[in-house]
Amino acid sequence: MATLTDTFGVQKALTQLGITAINDGTSTGLNSFANGELISSYSPVDGSLIAQVKTSTPDDYQTVMAKAEEAFKVWRLVPAPKRGDIVRQMAEELRKFKEPLGQLVSFEMGKSLQEGLGEVQEMIDICDFAVGLSRQLYGLTMHSERPLHRMYEQWHPLGIVGIISAFNFPVAVWSWNSMLALVCGDVYVWKPSSKAPICAIACQNIIKTVLERNNLPEGISGLVTGEACNELLNNDKRIPLVSFTGSTRVGRHVSKTVAERFGKTILELGGNNAIIVSEHSDISMVLVGAVFGAVGTAGQRCTSTRRLIIHESVYDKTVAVLKSAYAQLKIGNPLDSNNHVGPLIDKMAVESFLNAIEKAKAEGGTVVTGGGVVQGEGYESGCYVNPCIIEAENHYTVVQEETFAPILYLMKYSTIEEAIALQNGVPQGLSSSIFTNSMREMELFLSQSGSDCGIANVNIGTSGAEIGGAFGGEKETGGGRESGSDAWRAYMRRQTNTINYGTQLPLAQGIRFDL
Ligand code: NAD
């Protein structure tokens, strides 16, 4: 059995995050009970075993849920601005631990250190947003049609929110959900990806200090680990809302299962994001947007750029510029800031990258550059691949699917209407973008007959988003919205109240019922 890794100073980061004895499977974090089998978390950076985590048995799951139910009774009575103050303290703790947590994210998931730190920054940002929100959970008042009556709506907490997260944003996705849920008066039970469980334990350790300091029950923040907990969560009537982030395939199942018991879901599923490169675009901006979008996080963002729809008049020039940019990409250890592209999460992801390239070729696609696994010293994990560009057609089966890897499909268009139809011509609807200096094209792209995605950008790539906006997508991306704007409403239940302060009981719509 390999021991806890000490590569790249990660041991120090783990110690700072309170993860010391985890390699014997005993440390499980706040409100997390785990007596089941061990899961091993290997770093895709160098293939080493970071640590092992015990999974939650069905009994452990019940214990966590019981604590969450008790905690909800306390937490819902804490005034919302005071809940906001607790979240403010959580943000302070996250600021303190930004460096080691960012390092751990980078090492466990394989994204660059800059992106790991950026992910923690996003957590801090959503906390700050949630603090302000805690004083703005507004409801409307309406004029009643009946005399001496008052009507208004108010928003109450839902209860226990189930959070199921994907491996690629192992901490930020949890915070988008958990911090909003907390100010809304909900408690939560989090089931992280089994590919990045240590990040989850680190988060629980950070939250724990705040809850303890404020004498709040640990059940406010629950964690269950291991795949067996997925179905328990999906089917649990005590969980009125399941916020699921992951693939469309699994999301479809979660959606049906939770709907069957009349639970609600927030679904944040796969994307198949395109950039339209107009003849009126600025090529130097396209280059940064497209290359970062396609190879950043090794193509493992839900918002990664998967398709470039290029005007025929600038097609050859764009392909030449992209080819030369790809030739300069440095692939390697993501903790080294000189590198542009880190590893894929595991060898299964490498397989699906290689298979997609073969499928594209079989369907008639032409590889422009890249493809294949990077071998040799520094690449021992077997998870590093050469980002690939393929000339393809939108209708190919493989182009219609999301391959979670750095493959960029190129296609030509001649009219803007055709470009928009290609952009919309996939089952997913997450992020989209146009690079153009033409106001007419820009407005058309953003109009009701333009992009059908949840996110539509102009002169910005598809990848990444700020927490201030509602995040999510349409069609097979699931329709969920989380993070900023009014996404908080999904974490609360709306109640319409009508109060009669008169001495008569008139019925609505003038109905008479004389006794
Ligand atoms: P995945 O679907 O394999 O797993 C996601 C989560 O679902 C994991 O925690 C997994 O353990 C859990 N799970 C597995 N079976 C389940 C079941 N039967 N019921 C409930 N949960 C179950 O996805 P992944 O490989 O971890 O992540 C990559 C996918 O996530 C991509 O498709 C990506 O586009 C998507 N994603 C979407 C967003 C978004 O906001 N739209 C953000 C990040 C990732």
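The values are calculated or read from the model by the stated rules, or taken from the named source; none is laboratory data. What you are looking at is a predicted structure, and each value in this text was computed from that prediction instead of being measured. Ideal geometry is used to build each Cβ from the backbone, glycine not excepted, and the neighbour counts take in all protein chains shown. Surface areas here come from the heavy atoms of the whole protein model, side chains and all, with no ligands, DNA or RNA. Shrake-Rupley method; radii C 1.70, N 1.55, O 1.52, S 1.80 Å.
Take segment 118-231 with all the other protein chains still there, run a 1.4 Å probe, and you get 31 Å² of accessible area per residue. Reducing segment 429-468 and segment 335-392 to their Cα centroids gives an inter-centroid distance of 28 Å. Note on Ser449 and Gln375: their simple-model spin labels are 5.4 nm apart, each label 7 Å out from Cα toward Cβ. In this calculation the C-beta distance from Ala66 to Ile499 is compared with R0 = 56 Å, giving a FRET efficiency of 0.95.
As a rough guide to protection, the peptides 417-428, 215-226 ranked by mean Cβ packing within 10 Å, highest first, stand as 215-226, 417-428.
The relative contact order of segment 273-466, computed from alpha carbon pairs under 8 Å that lie at least 6 residues apart in sequence, is 31 percent. Computed over the alpha-carbon atoms, the chain gives an Rg to Rh ratio of 1.01, Rh here being the Kirkwood radius from the mean inverse distance.
Please report, as a whole percent, how much of the solvent-accessible surface of the chain comes from carbon and sulfur atoms (probe radius 1.4 Å). The value for the chain is 53 percent carbon and sulfur by accessible area.
Membrane-span-like helices in the chain (whole DSSP H runs, Cα extent of at least 20 Å along the helix axis, mean Kyte-Doolittle hydropathy of at least 0.0): 113-133, 197-213, 347-362. Search the structure for amide H atoms under 5 Å from the amide H of Asn272, placed 1.01 Å from N in the peptide plane, and list their residues when 5 or more places away or on another chain. Under 5 Å from the amide H of Asn272: Gly429, Leu430, Ser431. For segment 289-382, trypsin sites (Lys or Arg not before Pro) meeting the loop criterion (DSSP other than H, G, I, E, B) and having at most 11 other Cβ atoms within 10 Å: Lys330.
The value of relative contact order for segment 93-174, using C-alpha pairs under 8 Å at least six residues apart, is 27 percent. Most simply put, the chain has about 40% antiparallel DSSP beta bridges, counting only bridges with both residues inside it.
In the context of the full set of protein chains, residues of segment 405-500 present 40 Å² of accessible surface per residue (probe radius 1.4 Å, heavy atoms only).
Distant-in-sequence amide contacts of Lys264, defined by a placed amide H-H separation under 5 Å and a gap of 5 or more residues or a different chain, comprise Leu241, Val242. Taking amide H positions as modeled 1.01 Å from N, with prolines and chain starts lacking one, the residues under 5 Å from Asn437 and 5 or more places away or on another chain are His280, Ser281.
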